[in-house]
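Some notes on the structure that comes next.
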Amino acid sequence: MNRTKFTLLSCSFLFITFSCKDEGNKVVSEISNEQKIEIHSQKLNDWFESQFQEEVAESPMMQTYLGLKTEDYGKWDDVSSKKLVHDLEKAKRRLRYLNDSVDVTALNKSTSLSYRLMKQDLKNAIDDFQYRFYDYPVNQMHGMQAEIPAFLINMHQIESRSDAEAYISRLKGMDELFAQQIENIKIREKNGIVPPKFVFAKVLNDCRNLITGMPFDESNKESTLLSDFKDKVAKIEIAEEDKTVLIAEAEKALKEDVKTAYDKLIALLEDQQQRATVDDGAWKFPKGSAFYNNALKRTTTTNMTADEIHQLGLDEVARIHKEMKDIMTQVKYEGSLQDFFKYMKEDEKFYYSNDKEGKAKYLERAVGLINNMKSRLDELFITKPKADIVVKAVEPFREKSAGKAFYQRGTPDGSRPGTYYANLYDMEAMPIYQMEALAYHEGIPGHHMQISIAQELQDIPKFRKFGGYTAYIEGWGLYNEFLPKEIGLYNDPYSDFGRLAMELWRACRLVVDTGIHAKKWTREEGIKYYTDNTPNAESDAVKMVERHIVMPGQATAYKIGMNKILELRENARTALGNDNFDIREFHDVLLTNGAVPLTILEELVNEWITSKKNTNTLQENS
């Protein structure tokens, strides 16, 4: 009997044993209500753990993300359409258990919240099954053509010969993995889900980049994956002849399996490209309007409609433009806001050079910004992450299509730090005046703190540690672009303008995402809205609009999440008064429950306000 099953059976036994008897069957003591709550809560938390471990057991890739090396270290996940049906049945089974086998009244506060979150997640998964093919599994933002190589490079550690053999096994398995995704793409086309025409050139370019260089051709340059494998193998302590054998096996797998996988995907995409159209919005899908409204609901964790989100975006754009004009006055710039945007786009002093030296300077300064922020955390936070953070440039093989910056979580035990990735492909898209806001959002105190603290929490189940709600996660990131200003950072008015420019960008997202998917805007109309209303480079606008198109609704989460956090903070400050409001305690409420929907976040903050008021009343009366 495995350990998990034993725990569950033990707790099931305890669950029904509410009294203890001596040898004469005389009742010695009846269980207290507190003990009953403890037993029921523990039973449910054991069940949460068993379900999480079931997910981990079914996902070799999740195991690697978690820093686990199991017998599956050389395998890939099952991404077939049959797996989606399997997952649906799991969700239904789990929901039946929660409905039929749990006494909600006998749970402690934390476990009751876990119950609510799990139950809602399962309901959403079941309801959303009808939309399981309403995405593009291969696009310029995501897809195994780039993410699988990135996974091998960043996640698959080689510390022994067996680790190297597992890497080779994964290279050999890529043909089957890609075959599953190819079948998924074909199913989507049969259902009328085909990416717009612009996607194909970008994805095909990514594919071809990965099968360029040795051993795929006779060039002197090694391919991305061969270079990664050789670098890792060189560092392990085994005989040189063993290293030579391993490298030869990797080269064989690259030529035979990886090349075959990419060739098949390229052939499919080239064929599908001929039938692609320039229709961009989700409105083109069967039941496209219903799908998009559902996507907005899931992304924002609110009931805001597309029209309401669109109008909020317009209002926020107008407000931020006004604050930008105040900065123009501060720096004594004469001219229109559009003139100022042009000046910020074109003046060389706002950009590092687009060469190795300029990129090195960018990374060096980014590290400095994060290190400085680390030294100020005590002013704003009680709970801080144990895990460290590093700064990296996006790898060359995916920098052309990747976003401008993003965060990659580390392992829960800290053996792999979190990573702030900056995309330095086009330095004109990475102005110096936006560096602070980017570092605070992706690094500290943004995603690194929120995600690392969630992973390190001891009193919540793992599905909450590693799960997420975009509006909460990205709302927290955007809120933390603003937060450092309140402790005196953004001393340079141009950096403060950069902060506003980043917030403006997220406000424009509300307008353009709903414009494309609900109002039938074209790709070109979306690009023009960004270039007319922001100081960002046109390349930024193109990438953003193309992101909207392939990820309907996702980009609306940032501003809606930030606005909710600021609203909750202001409500708390008003209710408690400035003297009793402690921003560090407020942040603890936000961070120490893991990611939650915005509706739940509001409940947690309101509970904290009530608790603080009661404590203050007791102190005043004592």
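Overview of values
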read-out: The listed residue being touching a Ser or Thr at 6+ places or on another chain (Cβ under 8 Å) and either of a type outside the set (K, R) or under 19 Å from Q434 (Cβ atoms) (or both), out of E525, E538, E503; value: E538
read-out: Evaluation of I516 against (1) touching a Lys or Arg at 6+ places or on another chain (Cβ under 7 Å); (2) within 18 Å of G313 (Cα to Cα) (one fails), failing number; value: (1)
read-out: Residue within the range 367-376 that is under 21 Å from Y407 (Cβ atoms), without any contact (Cβ under 8 Å) to a residue 60 or more places away in the chain and surrounded by 15 or more Cβ atoms within 10 Å (Cβ to Cβ) present; value: yes
read-out: The range 386-430, residues that are more than 17 Å from K359 (Cβ to Cβ), charged (D, E, K, R) and either assigned to a strand (DSSP E or B) or within 16 Å of the chain's Cα centre (by Cα) (or both); value: R409
read-out: Residue that is touching a residue at least 60 places away in the same chain (Cβ under 8 Å), in contact with a Leu (Cβ under 6 Å, 6 or more places away or on another chain) and either within 30 Å of L601 (Cβ to Cβ) or exposed (fewer than 13 other Cβ atoms within 10 Å of the Cβ) (or both), where the choices are E316, E270, E323; value: E323
read-out: Matching option when the condition is outside any helix (DSSP H, G or I) and outside the structural domain of V194 (by TED's automatic domain parsing), among N580, N571; value: N580
read-out: Some residue of the range 431-446 being part of a helix (DSSP H, G or I), aliphatic (A, V, I, L, M), within 13 Å of the chain's Cα centre (by Cα) and at pLDDT 95 or above; value: no
read-out: Cβ-Cβ under 7 Å pairs, at least 6 apart or on other chains, the range 111-134 side under 20 Å from F466 (Cβ atoms) and aromatic (F, W, Y), far side at pLDDT 95 or above and assigned to a helix (DSSP H, G or I); value: Y115/L44; Y115/L98; Y115/V104
read-out: Residue selected from the range 241-267 under the condition out of contact with any Asp or Glu (no Cβ under 6 Å at 6 or more places or on another chain) and acidic (D, E), by the criterion surrounded by the fewest Cβ atoms within 10 Å (Cβ to Cβ); value: E241
read-out: Of the criteria (1) more than 21 Å from V390 (Cβ to Cβ); (2) part of a helix (DSSP H, G or I); (3) under 15 Å from the mean Cα position of the chain (by Cα), which one V512 fails; value: (3)
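The values are calculated or read from the model by the stated rules, or taken from the named source; none is laboratory data. For clarity, every value in this text was computed on a predicted model and none was experimentally measured. Using ideal geometry, Cβ is built from the backbone for each residue, glycine included, and neighbour counts are taken over all protein chains shown.
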